[in-house]
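The values are calculated or read from the model by the stated rules, or taken from the named source; none is laboratory data. It should be emphasised that the depicted structure is a prediction, and the values quoted were computed from it without experimental measurement. Don't worry about glycine lacking a Cβ; one is built from the backbone with ideal geometry, like all the others, and counts go over all protein chains shown. The protein model used for the area step is the full one, side chains on, heavy atoms only, and it has no ligands, DNA or RNA in it. Shrake-Rupley method; radii C 1.70, N 1.55, O 1.52, S 1.80 Å.
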Amino acid sequence: TDEIMQQEIRPLVAVDIIEQLHRQFAILSGGRGKDGAPIITFPEFAGFSEIPDEDFLNVVTYLTSIPSLEAASIGFIIIIDRRRDKWSAVKASLTRIAGAFPGNLQLVFVLRPSRFIQRAIADIGIKLYRDDFKMKVPIIMLNSVSDLHGYIDKSQLTRELGGTLEYGHSQWIHHRTAIENFAMTVKTTAQMLQTFGTDLAETELPNDVQCTEELLSAHTDHHSKLKDELKLAVKQGATLLTCIREPVTRSANSKLSPDELENVATVERLLAQLDETEKAFDQFWTKHHLKLEQCLQLRHFEHDFREVKLTLDNLMEAQSGFADIGDSVTRVEHLLKEQKHLEEKGQEPLEKAQSLALHGEQLIQNNHYAVDSIRPKCVELRRICDDFTNETKKKYDILGKSLELHKQLDKASQWCEAGIYLLASQAVDKCQSQEGAETALVEIEKFLVTAKEHQLSNPKEFYNQFDMILTPEIKANAQRIVQKLEDVQEMFDKRQVSLKKLAAKQTRPVQPVAPHPESSPKRASPKITRPA
C-alpha cells in the first residue's frame, strides 16, 4: 500500500498547515523506539498552552499519518520536553495530548522541570492527576536526558535530547511538501493519461483524409505533451530522491532515519508507479497510433480508389460507345487510330489501378484492420483492368477483321473494274484473226489467275471467315461486290467462248500453184492454243 497516495485522500497535507508546522511545537524527527515505534517529540515551547485546539489537532493528526501503517500500528512514543517549564505546563501538555492525540499510544516520556521546586511539584502532581489524564499507557517521568537514553537509543534521538540523530525542521518540511507534491503530480499525470486514453478509445474514426490527418496530428501533439509531462514528473521524482539521500551521499558515516528510509521507499514506489503508468500508456498509444495511421492509409486508399475507378469507368464507357466497325478501309483505319488513342489514354489509369490494387494487398498483408473493405476494392480494380484489356483486344480483333474484309472487298471491286477495263480494251477487229483471238485469250487467262491471289474464288469460305462482323450494311455491300464478281466472271466466260471460236476458224483455201522450190515461201502451221 502506498502511504503517500493514502495521504492524498486525507484532508491534510503539509502545505495546508505549513505555518503551524513551522512553529515546531511538535515534530516527527524520524527516530524509532527499540520495537520500531515512531517517536513524536514535543519540544520546549513557551506558548504551547496558547496554541489553538484546531492547530494542535491538525499538526498531531498530520504527524501521526506520516509513518507507515506497520510502524503506526506498533504505537507512538511521545517525548514531552518541559525541563525549563513548570508543572502547570506539564499538566497542560498531558491533558491536551490525552484529549486530542489521534494515534495509538505506547509510551509517554516526560522530561520534568529541572528546578527543584517544580520537580517536586511535578512528582506530586503526576501521582495525584495520573487518572485525570485518561491515558491507558504508562507515563514515565524522567529527570534528565540520560534517563531517557535508558529507554531509547541515542541514535534515535535528536541533539536536543542528547542523541546523534540529524534533524533539520525546515528540511523536513521541505521534504514532506516535495514528496506530497510529487505524489500529487503522479496522480494528476495518471489521471491525465487515463482521461486522454478514454478520449482516444471513444474517438470515432473520420471518413475522409483531411479530418483523419487533423485528428492524427492533434492526438500526436497531445501525446507528445503528455510524454513531456511524464519526463518532467520522472525528473522531479529523481531529483527528490537525490535530495533525500543527500546526507548518505555526502558522508559515508551518515545513515538515513527510518522515516527517511520510508520517504525513499515512497518516492521509489511513486517512480515505479509512474513507470508502469507510462508503459501502459505507451502500449495503448502504440495501438491507437497504429489504428489512426491505418485509418489514414485506408482513407487515402479509398480516395485514390474513387478517383481511379471514375477514370476507369469513363474509359469503359468510352469503349462501350466504340461500337462502329467501319464501312470502308479509310474508316476502319481511322477507328483503329482512335482505338489506339483510347488504349494509350488508358495506360496511366490502368497502371494506377494495378499499383493501387498492389498497395491494397500490401495493407492486407500488414494486418490492416479494414481487410473486409480493402479486399473487394482490390478485386474490383483488377476486374475492371482485365475487362478493359480484354475489350481492347476484342476491339482490335474485330477492327482487324473489318480492315481485312474491306481491303479484300476493295481489291475485289478493283479487280472487277480492271477486268471490265481489260474486256473493254480488247478491240473487236484485232480479235477476228486467229492470232488476235489467241492473244486475247492469253490476256484473259493471265488476269483470271489473279482472282485466286485475292481469294475471291470461294464465296462460302469468304462468308465463314468474316461472318462475325457482317453487319447488314457490310453484308449488302459484300453481296453486291460478290454479285459483281460473278457478273464479271460471266463476262469473261462468254468472252473466252467467243475467242475460242474465233481462234478455231480455218483460213479461206488458196488455189494451188506449183512454186519453184527455191522461191517457195515457208509458212508456219497454224498455232492453236486451248485454254486450260
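Protection proxy ranking, highest mean first, for peptides 36-43, 411-418: 36-43, 411-418, where packing is the per-residue count of other beta-carbon atoms within 10 Å, averaged. Along the axis of the charge dipole computed for the range 202-277 (Cβ charges of +1 for Lys and Arg, -1 for Asp and Glu, origin at the Cα centre), the listed residues Cys211, Leu261, Ser224 are led at the positive end by Leu261. Where only DSSP H runs of four or more residues are counted, the chain gives -23500 deg cm²/dmol as its mean residue ellipticity at 222 nm, each run worth -39500 (n - 2.57). Could you list the residues of the range 338-364 with an amide nitrogen less than 18 Å from a label point located 7 Å from the Cα of Glu293 in the Cα-to-C-beta direction? Residues passing the 18 Å test: 359-364. Sorted on the mean count of surrounding Cβ atoms within 10 Å across their residues, most packed first, peptides 355-363, 322-330 read 355-363, 322-330. At q = 0.14, 0.19 Å⁻¹, what is the log10 ratio I(q)/I(0) for the range 174-293, with the Debye formula run over Cα points and no solvent? At q = 0.14, 0.19 Å⁻¹ the computed log10 ratios are -0.66, -0.96.
Annotated for the range 174-293: lysine pairs at least 8 residues apart or interchain, Cα distance under 26 Å, count 21. Among rounded, prolate and oblate, which fits the range 307-444 when a ≥ b ≥ c are the square roots of the eigenvalues of its C-alpha gyration tensor, a/c under 1.5 means rounded, and a/b larger than b/c means prolate? Prolate, because a/c is 1.5 or more and a/b exceeds b/c.
Peptide packing: for 382-389, 176-183, the average count of neighbouring Cβ atoms within 10 Å per residue gives the ranking 176-183, 382-389, highest mean first.
Taking only the alpha-carbon atoms of the range 141-232, what semi-axes of the equivalent ellipsoid follow from 5 times the gyration tensor eigenvalues under a square root, in whole Å, largest first?
After scaling each eigenvalue by five and taking roots: 58, 12, 7 Å.
The shape of the range 14-165 comes out rounded: with a ≥ b ≥ c from the C-alpha gyration tensor, a/c is under 1.5.
Let's test the formula: R0 of 45 Å, r as the Cβ-Cβ distance of Gln365 and Ser413. What FRET efficiency results, to the nearest 0.05?
Using R0 = 45 Å, I get an efficiency of 0.15.
Annotation: extensible slack from Asp199 through Phe447 equals 80.0 nm (criterion: 0.36 nm per residue apart, minus Cα-Cα distance). Gyration tensor over the Cα atoms of the chain: the corresponding equivalent ellipsoid has semi-axes (square roots of 5 times the eigenvalues, largest first) of 131, 19, 14 Å. Taking a ≥ b ≥ c as the square roots of the eigenvalues of the Cα gyration tensor, the range 278-378 is prolate, since a/c reaches 1.5 or more and a/b is larger than b/c. When the accessible area of the range 174-293 is computed with all protein chains present and a 1.4 Å probe, what percentage of it is carbon and sulfur? Carbon and sulfur atoms account for 53 percent of the accessible area of the range 174-293.
For the range 304-404, the fraction of 1.4 Å probe accessible surface lying on carbon and sulfur atoms is 50 percent. Simple point charges give the picture: +1 on the Cβ of Lys and Arg, -1 on the Cβ of Asp and Glu, and for the range 174-293 a dipole about the Cα centre of about 700 debye. How much net charge surrounds Gln20 when only the other residues with a Cβ under 14 Å from the Cβ of Gln20 are counted, with Lys and Arg +1 and Asp and Glu -1? Around Gln20, the surrounding residues sum to -4. Ligands, DNA and RNA are left out, and with a 1.4 angstrom probe the accessible area of the chain is 58 Å² per residue. A Förster distance of 51 Å, applied to the separation of the beta-carbon atoms of Thr286 and Gln483, puts the FRET efficiency at 0.05.
Projecting the Cα atoms of Ile79, Leu358, Ala98 onto the charge dipole of the chain, computed from C-beta unit charges around the Cα centre, puts Leu358 farthest toward the positive end.
Overall, the chain carries a charge dipole of about 1280 debye about its Cα centre when +1 sits on the Cβ of Lys and Arg and -1 on the Cβ of Asp and Glu, all other atoms neutral. Here the range 407-503 is treated as a sphere whose radius is the Kirkwood value from Cα pairs; by Stokes-Einstein at 4 °C and 1.567 mPa s it diffuses with a coefficient of 90 µm²/s.
The label point for His22 and the one for Lys154, both projected 7 Å from the Cα toward the Cβ, are 3.5 nm apart.
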